[in-house]
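The structure appears below as structure tokens.
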Amino acid sequence: MDVAINLAMSQPNIKPLDLLAEGSGVTFGEGDYRTRLVQQGTGARRAMFWGLVQVHNKLVQQQKQRDEKVKNLNDVIKKEAKKKEPEQKIIEDIKDEIQLYLDGAVVAQDEDDIALPGNLLLIDEPENALHPLAARLAQIQLFELANDPDWQIVLTTHSPYFINPIQDHTIIVRLDRSAEDRDISPKIYRAKSSEFEGDELARLKALMQLDTNLAEMFFGSYPVLVEGDTEHAAYLAAVLEEGNEISKKIAIVRARGKALLPALCRILRHFEIPYAVMHDADTPFNAENGNAAAMWTINEKIRLEVQRSRELGLDVGHIVNFQDFEHWLGIKAVSKDKPFNTYSSVKADYALKVKIQTLFEALLNEENLDTFSQEELDKHKNDFMQSLLDRSLTWAAANGVSETLQYKGK
């Protein structure tokens, strides 16, 4: 038997697709210079990621729309073919249209329809290294991605941009460290339409668009719910800009109207977050016609939420200003530019600064601070609205307005 050793070169095993993948890559250009993705900073890489997510959304969405279009057109052909005298011209035209979609023709995009294959995306602090506009766009892409039943998004964040407590199909888990700094207690919340009354849910959704910082109430500080910009302006002038220590512990949450305060109280109650709420008493009747005032009835709804929160053991402050915040401050009421007028008045008056600082310090430090003492409530058999009316009429008499339509009615 003859044994030989043959040494020879084998045919090269060339895989074009592998070579293409290894040789390809993303480059960034600025002027005459181009650099690879690995040479970019965190911000550019994250921006690239969000861009790819958006492109992926659009590509897969187009494919689903084409498939749906082809299915519908085939149904039309079947219906036409069942007729006694089918129109062959119509059938042929539809077949030509189907072929266009099979070849990749673009279907008019429905921006509310995001279609993606099944995946789970885990992302830690998506806001990192993104400027505010990019963070908002990233939030939009993530929520669009999560709208698809085949996708689930799990993220951790320290940014209010990515927290929306009333977004459909959203579950929020808030981790709260105990006072002893030992245990971390998770609080889970999911919005249900049944929890809101009337148009509260629609108003909250609009508010989340108008004020993305609303979600700051979930991030550690003691939330103080107020009606709007006037109270916030006073806080800025008296507390924040004066460098008062309580500015590090309080978060002012503007409801942009008294009507949304009960809903915000409800959300915080579900999270078991201690809070305070401050609002105007307003008047029992309208100044124009003496009819019952809608804002007066909101007082009772706010009080009900405060009581429910306190029953859970939460420390909840409740401050009612008579007749409103400007009257409580003792500044001249104006019909327009109220926030600026309040800011300017407080900024120029040391006594007003002290008054506001004292109020917020009390809200922060005193347990269940309340405009009404239990003794005062007991006089009216614990009826908050009757106590409120009695205090309002007393205020009106002291200020010479008790005979007006706002307090007498028609």
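The values are calculated or read from the model by the stated rules, or taken from the named source; none is laboratory data. A quick note: this is a predicted structure, and the numbers were derived from the prediction, not measured. A quick note on method: Cβ atoms are made from the backbone with ideal geometry, for glycine too, and the neighbour counts reach across all protein chains shown.
A few remarks follow.
- When the residues of region 357-386 are filtered to those that are over 23 Å from Thr283 (Cβ atoms) and touching a Leu at 6+ places or on another chain (Cβ under 8 Å), the one that is surrounded by the most Cβ atoms within 10 Å (Cβ to Cβ) is Leu363.
- Residue that is surrounded by the fewest Cβ atoms within 10 Å (Cβ to Cβ) [pool: residues in region 122-177 that are outside the structural domain of His56 (by TED's automatic domain parsing) and acidic (Asp, Glu)]: Asp168
- Scanning region 227-277 for residues that are under 22 Å from Ile331 (Cα atoms) and polar (S, T, N, Q) yields one hit, Thr230.
- Residue satisfying all of: in region 299-348; of a type in the set (Val, Ile, Thr) and assigned to a strand (DSSP E or B); nearest to Phe196 (Cα to Cα) among these: Val316
- In region 150-187, the qualifying residues are those that are closer than 19 Å to Ala263 by Cβ and part of a strand (DSSP E or B), and the one that is modelled with the lowest pLDDT is Lys187.
- Residues (in contact with a helix residue (DSSP H, G or I) (Cβ under 9 Å, 6 or more places away or on another chain) and without any contact (Cβ under 8 Å) to a residue 40 or more places away in the chain) located in region 356-371: Asn365
- Qualifying positions in region 120-141 - part of a helix (DSSP H, G or I), free of Cβ contacts under 8 Å to residues at least 60 places away in the same chain and aliphatic (A, V, I, L, M): Leu133, Ala135, Ile140
- For region 30-66, a residue qualifies if it is at pLDDT below 75, of a type in the set (S, T, N, Q) and surrounded by 14 or more Cβ atoms within 10 Å (Cβ to Cβ), and the qualifying residues are Gln40, Gln54, Asn57, Gln61.
- Set Ile267, Ile250, Ile273, Ile319: member being in the same structural domain as Glu216 (by TED's automatic domain parsing), of a type in the set (Val, Ile, Thr) and within 30 Å of Ala396 (Cα to Cα): Ile319
- Residues satisfying the stated conditions in region 79-109, i.e. exposed (fewer than 10 other Cβ atoms within 10 Å of the Cβ) and modelled with pLDDT under 70: Ala108
- Of all residues in region 15-29 being at pLDDT below 75 and part of a loop (DSSP other than H, G, I, E, B), the one that is nearest to Gly51 (Cα to Cα): Val26
- Residue selected from region 263-298 under the condition modelled with pLDDT of 90 or more and in a strand (DSSP E or B), by the criterion surrounded by the most Cβ atoms within 10 Å (Cβ to Cβ): Val277
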